[in-house]
Amino acid sequence: MTTTTPPSFPPPPPRWLPADLDVTDEVRLAAACDALLARPLPDAAALEAWLLDVDELESALDAAETRARIATTRDTTDAAARERHLHIQQRLLPFARPRLNALDRRFLELPLHAGLDRTRWGVLDRLRINRAALYREDNVPLLAQEAALVQQHDELLGGLLVAFRGERHTPQAMARWLDHADRATREEAWRALSSARLGLSGELTALFEQLLSLRRRLASHAGFANYRDYRFRDAERFDYGPAECEAFAAAVEQEVVPVVCELREARRRTLGLAQLRPWDLAVDPSGLPPLRPFRTAEELAALGERLLRRVDPELGAQFAWLRTAGQLDLANRPGKSPGGYNATLQDVRLPFIFANAVGLQGDVRTVLHEAGHAFHALAARGQPVLAYRQSPTEFAEVASMSMELLGCEQFASAYAPADAARARRQQLEHTLLLLPWVATVDAFQQWLYVYPEHSHDERAAYWTSLRQRFEPDVDHAGHMPWLGLDWQRQMHLFRHPFYYIEYGLAQVGALQVWLNVRHKGRPALAAWREALALGGSRPLPELFTTAHICFDFGPAMLGTLARAVRDAIVEIDRVAPVPA
């Protein structure tokens, strides 16, 4: 029997920072920066060592900010955690940014810099040139204000509860009724959730308009005509731009939407409905009760580990290590910020997985997704600098979305046969449905920031037009006011502007990984893991190539992948076992 050596993830050995250094102490932080700025750098070896020492400081700062963010999202009612996070965002980071910019400038202005090994340091060089070019002292306080507004958004959503059948529930918990086999129950739950969100929409609109105004000022200070163009540079999108995003949306409309509509038409017929309504999209069309694969967060963690060991024993062992090390917080609870994420503590180079599980099959997808990010962080933890331990988001999401698809291929090892078929079908359908949603959100953001003087009514009308363009077969009659505002449920619009096209581009990559592993097995998985280990040390297209996938988002590629997913779903339906 094959055994897997238990993994070990010790923290990196200290280089030069004192073990007791608190980077949130501004006096000691300033002294550390001053020491780096004053250090003699006589040759290339000294410069490379200096870069690693700068990284140790940046990693400590990043970890302090990450720990504070984790604490405040785990409990949005924790006043001490809130104050610490606000202190870091509004005082410490504004204090640090000019000093980090001075370190960037020193690196770029040194004659030795031009002689560094381009294979090793070329990507870092490009990143530092871009970061220095965008830096404006006038934007430092604006970034602090933006962080405070984003925290307000988290607190608003963390406090949102839905009145339903005599009780109050988190929005995440309402999903238990949105996939109920009884249509009247689904509609009642959907209306209750929509009503609660509408009740918050005025505050969210006011908050978002503050963010729009602030972001417009950020772009103007940096010399950009609009925030979209500024943000593309800030997000380090060197290999594509707005035109390619528009082409992606057109390809989704041309190649993916018809396949999605075909699947939804089959859903409508199976459910025996004249028209699909918003509350008909999550229910299993078979009429069977919803999948409820676990009850507690610990059961979910055990289920995730079982699936991941089947994907790859080493990856499963890594997830088991994270469980034992306390690096998971999976349960939903009042006061917890919504959503899910993986955050890496860069000083110890360990990932932390955050989720809001309530017993649904979608929670299994979330754990697989965030585990993919965690495996990426662990694979790249040996990279020498923080910029290389983080990959471009377009490839970081390939790691997570691939894990969703690879994990779903193992459902038969953990579910009853009929449930495994249903769960796998749901995952594949979700994979396709994401692409039109990504196109919707990205096109909305392009418009929001290129035409920032739009009115409330124009914003609602444009969003509604996009929803109807990419979801033409769902009847929202009687709920158009909510439809015009349901962009507010997409947290990225508030928290991470322009962070959404990455999901679409990554899904195209992940589907290629999925097909490669289905056809070629372990060698394809090995190529994917090799690409993860590169982190961000290579340009984005090279990361795709290393994983044996194409950086191609045109209609031919999208059409091929959409049909492959459709065919897999048809095959599941053809041979699906009869439930016990």
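Each value in this text was obtained by applying a stated rule to the coordinates, not by laboratory testing. Note that the structure is a prediction, hence the values are computed from the model and not measured. No Cβ is skipped: glycine too gets one built from the backbone with ideal geometry, and neighbour counts run over all protein chains shown.
For this structure, a couple of remarks:
- Summary value for region 153-311: 25 percent relative contact order, contacts being C-alpha pairs under 8 angstrom separated by 6+ residues.
- Overall, the chain carries a charge dipole of about 760 debye about its Cα centre when +1 sits on the Cβ of Lys and Arg and -1 on the Cβ of Asp and Glu, all other atoms neutral.
- Farthest positive-ward along the chain dipole, Cα basis, beta-carbon charges - from 72, 338, 36: 338
- Cα gyration tensor shape of region 26-135, rounded if a/c is under 1.5, else prolate or oblate by comparing a/b with b/c: prolate
- Label sites at residue 518 and residue 567, each approximated as a point 7 angstrom past Cα along Cα to Cβ, lie 0.8 nm apart.
- Other residues whose C-beta falls under 9 angstrom from the C-beta of residue 409 contribute a net charge of +3, scoring Lys and Arg +1 and Asp and Glu -1.
- A dipole drawn for region 104-154 from +1 and -1 charges on Cβ atoms has a positive end, and of 140, 152, 122 the residue lying farthest that way is 122.
- Think of each Lys and Arg Cβ as +1 and each Asp and Glu Cβ as -1; about the Cα centre, that makes the dipole of region 26-135 roughly 320 debye.
- Note on region 304-438: antiparallel DSSP beta bridges, both residues inside, total approximately 60 percent of the bridges counted.
- If a spin label sat at a point 7 angstrom from the Cα of residue 105 along the line to its beta carbon, the backbone N atoms of region 33-63 nearer than 15 Å would be those of 34, 37-38.
- Computed over the chain, relative contact order equals 18 percent, with contacts defined as Cα pairs under 8 Å that lie 6+ residues apart.
- Charge dipole (debye, nearest 20) of region 55-204; +1 at Cβ of Lys and Arg, -1 at Cβ of Asp and Glu: 160
- Cα-based shape type of the chain, given that a ≥ b ≥ c are square roots of the gyration tensor eigenvalues and the cut on a/c is 1.5: prolate
- Label-point separation, residue 490 to residue 43 (7 Å along Cα→Cβ), nm: 5.4
- Mean separation of Cα pairs under 8 Å and 6 or more residues apart, divided by the residue count, gives region 26-135 a relative contact order of 34 percent.
- Here's how it looks for residue 357: its modeled amide H is under 5 Å from those of 331, 332, which are all 5 or more places away or on a different chain.
- Gyration tensor (alpha-carbon) shape descriptor, region 69-207, a/c threshold 1.5: prolate
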